[in-house]
Amino acid sequence: MTRGGKNLLILGLSSVLIAITTTGISLMIYHNSGDIYLDRSRPGFLPDEDESEENNQTDYEFSKSGPINREVLEGYLDALEAEVEALEVYEEPFSAEALSDKRLGID
Amino acid sequence: MKNVKKRLISNYTITFLFCQLSVLFPLYSTALAAPSDLETDSASLTETLNDPEANSVNPTKTPSNLEKYSDASPLSPEKSQQISGRCEEIKNRLKSLQKDDSRVRVGLGHYYENILNKFIVPLNVRLIENALPEVKLVNNQNSFADARMNFNTDFIEYQKSLEELIQTDCKTYPNEFYEKLLKVRQSRAYVEEDVIILNRLARLQITLTSSIKESL
């Protein structure tokens, strides 16, 4: 094998080694930081097709500058009330019932 | 000629290694980046936090809903057998719950993010700009931000324990499975408590803003 060929081989092997190492470190950080549990792009956790209809969130944004008077606060309260009511559509989120013996079939 | 070749190869190697490392550091920093927190545009917000009475909500970490688990008794032989016999079915239900919880978390997270960044923070900034600072609203903002962080943290812990539970072999080790199930229930109770607190704080924001509106 020529010297150039040898160097190319070393280059190739070292690049593969570095790629494996960096990927391993990245995955380790991904797991340890807990981001994996928030990631919905992994298989089995992808959003359903009809899920986009649920997230009809407001485009309203209260400006950080401007006057403060009754009318302004009324508009603010109406928008905030709508947002909070939308929150309450989730009935008893993370309730104890879902993990009860009865629900899991251990009764 | 040989020296030129050597130099070329070593330069290429160094450049390549540098490119590989430059991919690693952004990934590292992205993974470790803390979730975005509240924005504080005005430095004077921090000056108005000295009123202890204004902090009307005190988030605690002692979930009261654990009492609902009256069936958290030592595992009887019948239950142990049931767990072993229905192991696959139980795991499928847990996986379905895991996916559902993930969906609910994203939905709630978006709403909480909106409420904090589009309603709570801008109102406080605007009130201060209009020389109408309201200590209770500022404290509500801080409580909401803290509760949101707790929600994120507790959800991750809950999902970790749930993942561990799903990976446990319930056919062979039903007792161990049930013990882990009890821990998952506790983790889930913390998450539920965080949601209750956040919803309460959001309602409190409406109440406090209404009282300011009436005073104008």
Rounded to 10°, Cα long-axis angle of helix A:70-87 versus longest principal axis of chain A: 60 degrees
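Multiply the residue gap between A:Leu9 and A:Ala82 by 0.36 nm, knock off their C-alpha separation, and tell me the result in nm, one decimal place. Each step should come with its number before you reach the end.
Working: separation 73, 0.36 × 73 = 26.28 nm, distance 6.37 nm.
Extra length from A:Leu9 to A:Ala82 when fully extended: 19.9 nm.
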Spacing of the two label points (7 Å from each Cα toward its C-beta) at A:Thr23 and A:Arg42, in nm: 1.7 nm
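Would you please report the Å³ per residue occupied by the convex hull of the alpha carbon atoms in the range B:76-207? Spell out each step's value before the answer.
On the way: hull volume 12.8 nm³, N = 132.
Value for the range B:76-207: 97 Å³ per residue.
Which of the peptides B:197-208, A:3-14 is most tightly packed, and how do the rest follow, judged by the mean count of other Cβ atoms within 10 Å per residue? Walk me through the numbers on the way to the answer.
On the way: B:197-208: 19.2, A:3-14: 12.1.
The most tightly packed comes first, giving B:197-208, A:3-14.
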Shape of the range A:1-105, Cα gyration tensor, a/c cut at 1.5: oblate
Expected 222 nm ellipticity per residue - DSSP helices of 4 or more, -39500 (n - 2.57), all of chain A, to 500: -16500 deg cm²/dmol
Listed pairs B:Lys118/B:Lys180; B:Lys91/B:Lys118; A:Lys102/B:Lys160 exceeding 31 Å between Cα atoms: B:Lys118/B:Lys180; B:Lys91/B:Lys118
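Please compute, for peptide B:102-114, the average count of beta-carbon atoms on other protein chains lying within 10 Å of each residue's beta-carbon.
Working: counts 9, 8, 4, 5, 7, 9, 4, 1, 5, 10, 2, 1, 10.
Other-chain Cβ atoms within 10 Å of each residue's Cβ, averaged: 6.
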Cα long-axis angle, helix A:3-32 against chain A (0 to 90 degrees, to the nearest 10): 30 degrees
Dipole of chain A, positive end: most advanced residue of A:Ser26, A:Asn69, A:Ala86 [Cβ charges, Cα centre]: A:Ser26
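FYI, it's all coordinate maths here, none of it is from the lab. Just so we're clear, the structure is a prediction, and the values are computed from it rather than from any experiment. A quick note on method: Cβ atoms are made from the backbone with ideal geometry, for glycine too, and the neighbour counts reach across all protein chains shown.
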